[in-house]
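Structure record follows, encoded as structure tokens.
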Amino acid sequence: MKRTPIRRRSEKETERLRRYDRARQIVMESARGMCEAGTNNCVGPAGQVHHRKGRDGDLVDNLDYLLAVCYACHDYIHSHPHESYERGWMVRRLGESDD
């Protein structure tokens, strides 16, 4: 069986992930490890970071668009986009709608 070698990460991608790890740590410390969304499904402790405006380019580590959330709230945010935009849990990109 022919095996495809695992591709190495580029220096650019490695640096992008390093920046995201730092930003994630700052967000979690700022929230003191607690969920910042607080939906009706909230379980309290945050274990994930939600990207309010997506993860493209420089948005991946932009602290203005990161939110510490528990898994239940993260799921709720993505399952209820209209409410999430209204509450600021999601931010539209240029030309984007929540339909």
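What follows is calculated from the coordinates using simple rules that are stated; it is not laboratory data. Bear in mind the structure is a predicted one, so any value in this text is a computation, not a measurement. Quick reminder, even Gly has a Cβ in these numbers, built from the backbone with ideal geometry, and neighbours come from all protein chains shown.
What are the residues in region 1-43 that are β-branched (Val, Ile, Thr) and either within 22 Å of residue 72 (Cα to Cα) or surrounded by 14 or more Cβ atoms within 10 Å (Cβ to Cβ) (or both), if any?
Scanning region 1-43 gives 26, 27, 39, 43.
Need pairs with beta-carbon distance below 8 Å; first residue farther than 18 Å from residue 88 by Cβ and within region 30-45, second part of a loop (DSSP other than H, G, I, E, B); sequence gap 6+ or separate chains.
33/46; 43/35; 43/70; 44/35; 44/70; 45/33; 45/35; 45/70
Quick check on my filter: what residues within region 37-56 are under 11 Å from residue 68 (Cβ atoms) and of a type in the set (A, V, I, L, M, F, W, C)?
37, 46, 49 - these are the residues of region 37-56 that are under 11 Å from residue 68 (Cβ atoms) and of a type in the set (A, V, I, L, M, F, W, C).
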